[in-house]
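Reading through the structure tokens given below for one structure.
The values are calculated or read from the model by the stated rules, or taken from the named source; none is laboratory data. Computed from a predicted model, the values in this text were never measured in an experiment. For neighbour counting, all protein chains shown are included, and Cβ atoms are generated from backbone atoms with ideal geometry for every residue, glycine included. The area values use the complete protein model at the heavy-atom level, side chains included, leaving out ligands, DNA and RNA. Shrake-Rupley method; radii C 1.70, N 1.55, O 1.52, S 1.80 Å.
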Amino acid sequence: MSSFQILKRLVKFIRPYRWIFWSSAFLAIAMAPLNAILPYLTNIMVDEHIMKPDLHGLKVMAIWYLIVLFVLTAMRYGFTILTNTMGQQIIFDLRNKVYSHILSLRLSYFDKTPIGTNTTRVINDLETVNSVFSEGLITIAADILSLLTVLFLMFWTSVKLTLICLVTFPVLLLASYVFKEKVKASFQRVRTQVARMNAFLQEHISGIKTVQIFAAEQRVASKFKDINKEYTQANLDGIFYYAVFFPVVEIISAASLGFMVWWGAQGVLEGLVTIGQLVAFPMYLARLFQPVRTLADKFNTLQMGLVAGGRVFEILDNAETAKDSGQIRSGKLKGDIVFQNVSFSYNGETEVLKDVSFKLEEGKTLAIVGSTGSGKTSIISLINRLYEIDKGSIQIAGHDLKEYNIEFLRNRIAVVLQDVFLFQGTVMENMTLKNNRITLEEVIEASRIIGAHEYIMKLPGDYHYVLAERGSNLSVGQRQLISFVRALLCNPDVLILDEATSSLDTETESVLQHAIEKLIEKRSSIVIAHRLSTIQHADHIMALENGRIVEFGKPSELLAKEDGLYKSLYETYFQTAEETPGY
Ligand code: TTP
Ligand code: MG
């Protein structure tokens with residue numbers, strides 16, 4: 001996307017705030033001549049009312065001068081408020097839009113984009129985009145307009161004096177250009193480093209437990225120090241260019257002033273220049289150099305804003321959202337679940353599921369077993385379309401998954417994940433996921449069925465107990481129970497359960513066992529099982545190895561098989577169970 005295209009897209013966001021835009025444009029146009037007229041008034045005051053003494057006229061002019069000054073100040077105030085309000089409003093809209101879009105993106109996007117990068121887009125990049133509206137666009141136009149009016153009045157007052165002043169201009173333009181390019185490069189480095197730093201911080205604060213358990217603080221800190229150093233260096237480089245540029249502009253403007261005074265004073269003596277002009281010209285010069293000094297910077301800000309805008313649009317243009325063309329959006333999801341020659345890969349290269357075909361009849365339970373990494377979690381991620389399959393088809397109740405509206409599909413299928421994720425908030429909020437239609441009575445009833453009620457009543461504040469981020473102030477077993485209640489509350493037609501691998505004490509085990517039985521009761525269920533008790537109650541067992549189905553059948557059938565995978569798992573289980581009391 002070219003800068004111009006980005007600008008065009010950004011400008012579209014102005015539409016709801018048209019009146020603010022036009023008001024500030026109007027102010028910009030009005031301020032330019034007012035700003036330029038002040039030196040002109042001084043010029044007249046000196047020549048017409050001081051050199052030829054006219055006290056009354058001088059008073060009148062002074063009052064006019066004050067009025068213009070006052071109006072100009074009021075307009076500047078209004079201009080700043082308006083442009084910034086517009087910027088903030090537009091960014092507010094954009095931020096919501098970007099976040100909603102991120103929420104709708106497929107998991108495969110998140111697999112390859114660090115969380116920190118996403119937060120940088122939503123927070124830092126958008127803040128930079130803000131400057132396009134608050135400091136870019138109109139402000140640049142206002143500066144250029146002001147520059148042109150000042151130049152016009154200068155030429156009108158004295159062509160020769162103006163030309164003398166402009167002798168240094170080429171040097172100024174060159175300096176501005178070099179500055180602009182240098183700062184741009186360092187700006188880009190700063191932005192890249194910010195994104196890196198965010199991603200690093202995010203990851204290592206999320207993983208703080210692991211960092212501390214392995215006493216890796218020093219290594220992590222030293223890695224951070226490196227990133228921090230590059231970030232600081234990038235900032236310092238930027239500061240260096242500013243530190244050089246501004247004094248250079250000062251020198252150039254002083255030189256201009258020097259030339260002007262030198263030539264102007266001679267002109268006064270020779271009667272070519274009036275005293276008023278000589279007094280007014282330094283004022284013109286100040287008004288000429290002021291925008292030039294900031295323009296280079298503002299162009300950069302605009303350009304950076306556009307670069308950031310480009311990145312934000314990249315997210316908005318990311319079409320990795322679930323293509324939802326499904327029409328079926330009501331009724332129940334009752335019927336057989338059928339996989340036909342399904343192949344799937346996360347990255348488009350290594351297939352983690354190969355030619356998987358099976359059928360689960362309505363209301364039955366399927367237990368999936370297999371060693372770690374064999375593809376169990378992957379199979380279930382396909383059923384509610386978290387990922388798209390590469391080959392084959394998946395059908396529920398005689399319809400392809402794609403025929404179902406995604407929201408409907410996901411509402412009818414409850415998935416309890418291997419690693420339970422709880423949000424900061426109360427127990428109740430975590431069970432209902434902030435669905436206000438679910439009442440406390442229903443929550444309590446579901447908790448009783450699952451067998452979680454008793455545990456929750458022991459928490460201070462019971463259902464209103466506030467969980468910390470990720471539910472870290474609960475035990476693993478408690479977290480799991482909450483996630484079971486969450487699933488039951490959906491009253492799904494299909495239940496998918498990825499049993500946690502962690503082994504719990506016997507009491508919690510039996511509570512969870514009871515909960516699982518309640519969950520899978522009367523509905524089609526797919527359970528990735530690590531507990532033999534769960535597996536034994538299943539109608540079918542599927543054994544996976546390297547993404548392929550190696551065994552499928554009733555538990556008794558598979559046990560009868562010589563050298564079967566399930567049989568060997570079963571035997572190992574009993575051995576371990578005997579050796580480790582309490583398991
Ligand atoms: P899983 O389907 O996660 O394996 P699993 O659920 O059978 O293992 P476990 O018992 O330990 O829970 O992974 C299968 C393969 O897919 C594995 O090689 C890792 C890969 N994979 C990805 O590439 N990206 C992912 O997001 C996941 C979940 C797995
Ligand atoms: Mg798994």
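When the stretch 173-230 is filtered for residues that are open to solvent by less than 80 Å² (accessible area, probe 1.4 Å) and not in a helix (DSSP H, G or I), the ones remaining, listed by number, are Gly207, Ala215, Ala216. Among helices (runs of 4 or more DSSP H) entirely within the stretch 112-169, having at least 3 residues that are within 17 Å of Phe313 (Cβ to Cβ) and among the β-branched types (Val, Ile, Thr) singles out 126-134. Residues in the stretch 417-431 that are hydrophobic (A, V, I, L, M, F, W, C) and in a helix (DSSP H, G or I): Val427, Met428, Met431.
On inspection, Asn491 passes the criterion of being away from ligand 1 (no atom under 16 Å from the Cβ), more than 31 Å from the chain's Cα centre (by Cα) and part of a loop (DSSP other than H, G, I, E, B). The set of residues from the stretch 361-380 being open to solvent by 20 Å² or more (accessible area, probe 1.4 Å) and away from ligand 1 (no atom under 15 Å from the Cβ) comprises Glu361, Glu362, Gly363, Lys364. For the stretch 344-360, the set of residues classified as away from ligand 1 (no atom under 13 Å from the Cβ) and in contact (Cβ under 8 Å) with a residue 40 or more places away in the chain consists of Asp355, Ser357, Phe358, Leu360, listed by residue number.
Every condition in (1) among the acidic types (Asp, Glu); (2) modelled with pLDDT under 85; (3) surrounded by 13 or more Cβ atoms within 10 Å (Cβ to Cβ) is met by Asp462 except one, and the failing one is (2). Please go through (1) in a helix (DSSP H, G or I); (2) aliphatic (A, V, I, L, M); (3) over 22 Å from Lys184 (Cα atoms) for Leu272 and return the number of the only condition it doesn't satisfy. In the conditions (1) in a helix (DSSP H, G or I); (2) aliphatic (A, V, I, L, M); (3) over 22 Å from Lys184 (Cα atoms), Leu272 misses (1) alone. Does Val416 satisfy the condition of being modelled with pLDDT of 85 or more, touching a Ser or Thr at 6+ places or on another chain (Cβ under 7 Å) and closer than 25 Å to Lys364 by Cβ? Taking the combined requirement at face value, the residue satisfies it. Tallying residues that are within 12 Å of Asp324 (Cα to Cα) and open to solvent by less than 20 Å² (accessible area, probe 1.4 Å) within the stretch 385-404 yields 3.
Close Cβ contacts (under 6 Å, 6 or more residues apart or on different chains) running from residues in the stretch 412-425 that are in contact (Cβ under 8 Å) with a residue 40 or more places away in the chain to residues that are away from ligand 2 (no atom under 16 Å from the Cβ) and in a loop (DSSP other than H, G, I, E, B) comprise Arg412/Leu333; Arg412/Pro492; Arg412/Asp493; Ile413/Pro492; Ala414/Cys490; Ala414/Pro492. Counting only residues that are surrounded by fewer than 22 Cβ atoms within 10 Å (Cβ to Cβ) and aromatic (Phe, Trp, Tyr), which one in the stretch 128-172 is farthest from Val244 (Cα to Cα)? Within the stretch 128-172, the match that is farthest from Val244 (Cα to Cα) is Trp156.
Filtered by the rule that a residue be more than 16 Å from Gln340 (Cα to Cα) and either more than 14 Å from ligand 1 (Cβ to nearest atom) or not in a loop (DSSP other than H, G, I, E, B) (or both), the stretch 386-402 gives no residues.
Residue-wise test of (1) part of a strand (DSSP E or B); (2) touching a His at 6+ places or on another chain (Cβ under 9 Å); (3) over 30 Å from Gly238 (Cβ atoms).
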site: Phe299; (1), (2), (3): no, no, no
site: Val338; (1), (2), (3): yes, no, yes
site: Ser343; (1), (2), (3): yes, no, yes
site: Leu366; (1), (2), (3): yes, yes, yes
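Checking every residue in the stretch 515-526 against the condition of being open to solvent by less than 30 Å² (accessible area, probe 1.4 Å), more than 12 Å from ligand 1 (Cβ to nearest atom) and among the charged types (D, E, K, R) gives at least one match.
Regarding the stretch 405-416, can at least one residue be identified that is open to solvent by 10 Å² or more (accessible area, probe 1.4 Å), away from ligand 2 (no atom under 15 Å from the Cβ) and in a loop (DSSP other than H, G, I, E, B)? Within the stretch 405-416, one or more residues are open to solvent by 10 Å² or more (accessible area, probe 1.4 Å), away from ligand 2 (no atom under 15 Å from the Cβ) and in a loop (DSSP other than H, G, I, E, B). The set of residues in the stretch 227-244 being more than 23 Å from Val178 (Cβ to Cβ) and either free of Cβ contacts under 8 Å to residues at least 24 places away in the same chain or outside the structural domain of Arg191 (by TED's automatic domain parsing) (or both) consists of Lys229, Thr232. Among residues that are within 30 Å of Ile396 (Cα to Cα), away from ligand 2 (no atom under 16 Å from the Cβ) and of a type in the set (Ser, Thr, Tyr), Ser533 is included. For the stretch 375-385, name all the residues that are within 9 Å of ligand 2 (Cβ to nearest atom) and outside any helix (DSSP H, G or I). Residue satisfying the conditions is Gly375 alone.
From the list Thr432, Thr439, the lone residue that is out of contact with any Ser or Thr (no Cβ under 6 Å at 6 or more places or on another chain) and surrounded by 15 or more Cβ atoms within 10 Å (Cβ to Cβ) is Thr432.
For the criterion of being of a type in the set (A, V, I, L, M), over 28 Å from Ser108 (Cα atoms) and crowded, with 18+ Cβ neighbours inside 10 Å, Met457 fails.
Give the stretch 334-360 a look and list any residue that's surrounded by fewer than 15 Cβ atoms within 10 Å (Cβ to Cβ) and either within 13 Å of ligand 2 (Cβ to nearest atom) or of a type in the set (Val, Ile, Thr) (or both), or say none. Of everything in the stretch 334-360, just one residue is surrounded by fewer than 15 Cβ atoms within 10 Å (Cβ to Cβ) and either within 13 Å of ligand 2 (Cβ to nearest atom) or of a type in the set (Val, Ile, Thr) (or both), namely Thr350.
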